[in-house]
1. Please name all residue pairs, on different chains or six or more residues apart, with Cβ atoms under 7 Å, provided the first residue is in the range B:282-300 and is in a strand (DSSP E or B) and the second residue is modelled with pLDDT under 85.
2. Do we find that residue B:86 is small (Gly, Ala, Ser), closer than 26 Å to residue B:325 by Cα, modelled with pLDDT under 95 and out of contact with any helix residue (DSSP H, G or I) (no Cβ under 8 Å at 6 or more places or on another chain) in this structure?
3. Any chance you could count how many residues in the range B:11-34 are more than 18 Å from residue B:71 (Cα to Cα) and either surrounded by 15 or more Cβ atoms within 10 Å (Cβ to Cβ) or within 38 Å of the chain's Cα centre (by Cα) (or both)?
4. Show the residue pairs meeting these rules: Cβ distance below 8 Å; 6+ apart or different chains; first residue within the range A:38-59 and within 14 Å of chain B (Cβ to nearest Cβ); second residue within 11 Å of DNA strand D (Cβ to nearest atom).
5. With crowded, with 16+ Cβ neighbours inside 10 Å, within 9 Å of chain A (Cβ to nearest Cβ) and within 22 Å of residue B:322 (Cα to Cα) as the only criterion, which of B:253, B:274, B:266 stands out?
6. How many residues, within the range A:159-177, are within 8 Å of another protein chain (Cβ to nearest Cβ) and in a strand (DSSP E or B)?
Number of protein chains: 2
Amino acid sequence: MTLNQRSELLLKTLIERYIMDGQPVASRALAAHTGLDLSPATIRNVMADLEELGLIRSPHTSAGRIPTALGYRVFVDTLLKVRPLGESEMRRMQGEFANDYNPQHLMESASSLLSQVTRLAGIVTVPRQEQTSLRQIEFLALSDHRVLVILVTQDGRVHNRVITANRRYSAAELVEAANYFNDTYSTRSLSEVKRMLLREMEKDSDAMQRAMATAMQMARGLLTDHEDREADLVVSGESYLMQIPELGNIDKLRKLFDAFSTKRDLLHLLDQSLRADGMQIFIGGESGYQALEECSVVTAPYRVDGQIVGTLGVIGPTRMAYEHVIPIVDMTARLLGGALSAQNAGPSEGA
Amino acid sequence: MTLNQRSELLLKTLIERYIMDGQPVASRALAAHTGLDLSPATIRNVMADLEELGLIRSPHTSAGRIPTALGYRVFVDTLLKVRPLGESEMRRMQGEFANDYNPQHLMESASSLLSQVTRLAGIVTVPRQEQTSLRQIEFLALSDHRVLVILVTQDGRVHNRVITANRRYSAAELVEAANYFNDTYSTRSLSEVKRMLLREMEKDSDAMQRAMATAMQMARGLLTDHEDREADLVVSGESYLMQIPELGNIDKLRKLFDAFSTKRDLLHLLDQSLRADGMQIFIGGESGYQALEECSVVTAPYRVDGQIVGTLGVIGPTRMAYEHVIPIVDMTARLLGGALSAQNAGPSEGA
DNA sequence: TTCTGGCACTCCCGCACCCAGAGTGCTAAA
DNA sequence: TTTAGCACTCTGGGTGCGGGAGTGCCAGAA
């Protein structure tokens, strides 16, 4: 499928116009808005060819043409000129992340920033624990048999988990166990820690030192149901999606919102982007999820200390201003990654 | 405004029927479904009186009647017979809370339980910190100047906050400070702690013991921006609201969903319920929030160790099955309160 | 006095119909 | 290869009509 230059230009303008006002584009309008000095009749001939190729279609006989998913694909892959971010917009975005050292809060900022600037729904995945490495662990006796485990990961997030032990542990024992744990496992990735722990636990526990045994005991609580729903999503601006006319159908809208609250499908989708190591754009049904039928998803992974740990992006109608959305998503990923990495160094000013 | 028994019965049946199928109720239908042996003509006379009183209205001349907000008010206040929960439903609900000792998780369960059982949106406010009392506090050195403060409140929730100190603190210092803090302030309510701290800090810091000084230093970080958005809402099942026909109007729907993501108005509303110390029902515009125009809100406060700490409830169309919803909200409040109180005792089985 | 049957009236709703407008596809000529 | 012209098609809004549902009122029955 090769398009000559003129067809490309026409396809490009057609999609741009359609994105602008959502109306099927007629041959006359196209003739007027593309620079070429051609009559509507000529345009019609070209459009017939483009329709043949499956790039555009007409909703009915006497309407103009609208892009198909394939048309958008070609547009995004080869025709789109991404417009770089303006200075002021850039500064405004940077401002959102300045002086904030709370990781959870940073992710919420990123999500709401995405949705506000693009007027679409913003999504940010919270770093998967397996990906990030352990920085520090502490055990704290709460009551007789209950111990609070505090886990600080490399991205600066603090995780709590209360576990119920089968005997009472003294404060000294717990400190000792934590020290052992920190000495042995700190700076290793959580998945690695998990592997190592499982191996250790196979050994006869009689042979262990006391500290080690206690640490193992605590770790058991950590290992069991740790990853259930920890991998989480921050979503914001869903309500922007309610005014997009393509989803006037309440039923489709409902499916979409269910996807937002279930989160599972979205997490899967974003996982793909996590592995892909670069900006990704899913157009319409391409994502494979029925709820996203009429939607496109633009995602970019973000890095903490050079390591990809999560993804963020936006969800909106297939008819979205890609050339505008793409640089915003890209920049937000950089800014969030930067802010999360920066905080490891820690701020230098006083409280 | 006094209604005779017959008018009351007719109003009650009319509203029940309208809640059932959402259609305006005609005199003939009403004559058939109320036990009374009256002709439609007689019913019409009574309906004219009820309309005069502002309890019902007709959408247009030749339609039946539908209840007004005032009508609903009278209905829920004086006519409604709440149907007690069935055994099996009760057990099912209890099951949701069994063997769960994670407060955050319990609140999410409560919210999703509410929405699943009622098929409306469920809301649960997270306990206000001021209301609950301090159980335990610990300080943990993260890096040079950064200290992790871990705060365990009476309801079992664990709060983290990273503060940046203006000098390095040794582990021993931090332990000592935590001990001092726990000895002095434990079991007091957080608002009380805050008051006492402010008083202490006015004194000359030279006079303080070292531990106390350190504790004060840490506390400063806690006091500053603590209550910003901590008071939070757990919402679920919003998408159920999309299929209620009264909100077919996308614009109203959007306002409602904005209210869900802003959360502020909802928090205000629930705060009223917190103070009212009992089940509350806001019908239509009564709540005073425009977004809730066509909605009713049913709320009940829940208690931890006898003390009201939060509220929960549902939001749905004014035309909701109150006699069904009310006992569910009531029971959920008891169950959540119970589960949160129970966990303070702690489970007895091993890990 | 209260209830009821009857009747005229009103309004909604679905249906068919028509018409203007917009846009296309095709053909023949430049 | 491009273009003008023309016939054709589809949409959407407006209109008119008839049936159905329900009311309000009145006069007579209980």
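The values are calculated or read from the model by the stated rules, or taken from the named source; none is laboratory data. Quick caveat: nothing in here was measured; it's all calculated off a predicted structure. So basically every Cβ, Gly included, is an ideal-geometry build from the backbone, and we count neighbours across all protein chains shown.
1. Going by the 7 Å Cβ cut-off, the qualifying pairs are B:297/B:287.
2. Values: small (Gly, Ala, Ser): yes; closer than 26 Å to residue B:325 by Cα: yes; modelled with pLDDT under 95: yes; out of contact with any helix residue (DSSP H, G or I) (no Cβ under 8 Å at 6 or more places or on another chain): yes.
Against the criterion (small (Gly, Ala, Ser), closer than 26 Å to residue B:325 by Cα, modelled with pLDDT under 95 and out of contact with any helix residue (DSSP H, G or I) (no Cβ under 8 Å at 6 or more places or on another chain)), residue B:86 qualifies.
3. Qualifying residue count, the range B:11-34: 3.
4. Once the first residue is within 14 Å of chain B (Cβ to nearest Cβ) and sits in the range A:38-59, no partner that is within 11 Å of DNA strand D (Cβ to nearest atom) comes close enough.
5. Working: B:274 fails: within 9 Å of chain A (Cβ to nearest Cβ); B:266 fails: within 9 Å of chain A (Cβ to nearest Cβ).
So the residue among B:253, B:274, B:266 that is crowded, with 16+ Cβ neighbours inside 10 Å, within 9 Å of chain A (Cβ to nearest Cβ) and within 22 Å of residue B:322 (Cα to Cα) is B:253.
6. The number of residues fulfilling the criteria is 4.
Listed here are the residues, each with its yes/no results for (1) within 15 Å of DNA strand C (Cβ to nearest atom); (2) part of a strand (DSSP E or B); (3) in contact with a Leu (Cβ under 6 Å, 6 or more places away or on another chain).
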position	(1), (2), (3)
B:15	no, no, no
B:23	yes, no, no
B:44	yes, no, no
B:60	yes, no, no
B:63	yes, no, no
B:66	yes, yes, no
B:71	no, no, yes
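Results for (1) within 15 Å of residue B:7 (Cα to Cα); (2) more than 8 Å from DNA strand C (Cβ to nearest atom); (3) at pLDDT below 95, shown as yes or no for each residue.
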| site | (1), (2), (3) |
| --- | --- |
| B:20 | no, yes, yes |
| B:33 | yes, yes, yes |
| B:37 | yes, no, yes |
| B:40 | yes, no, yes |
| B:52 | yes, yes, yes |
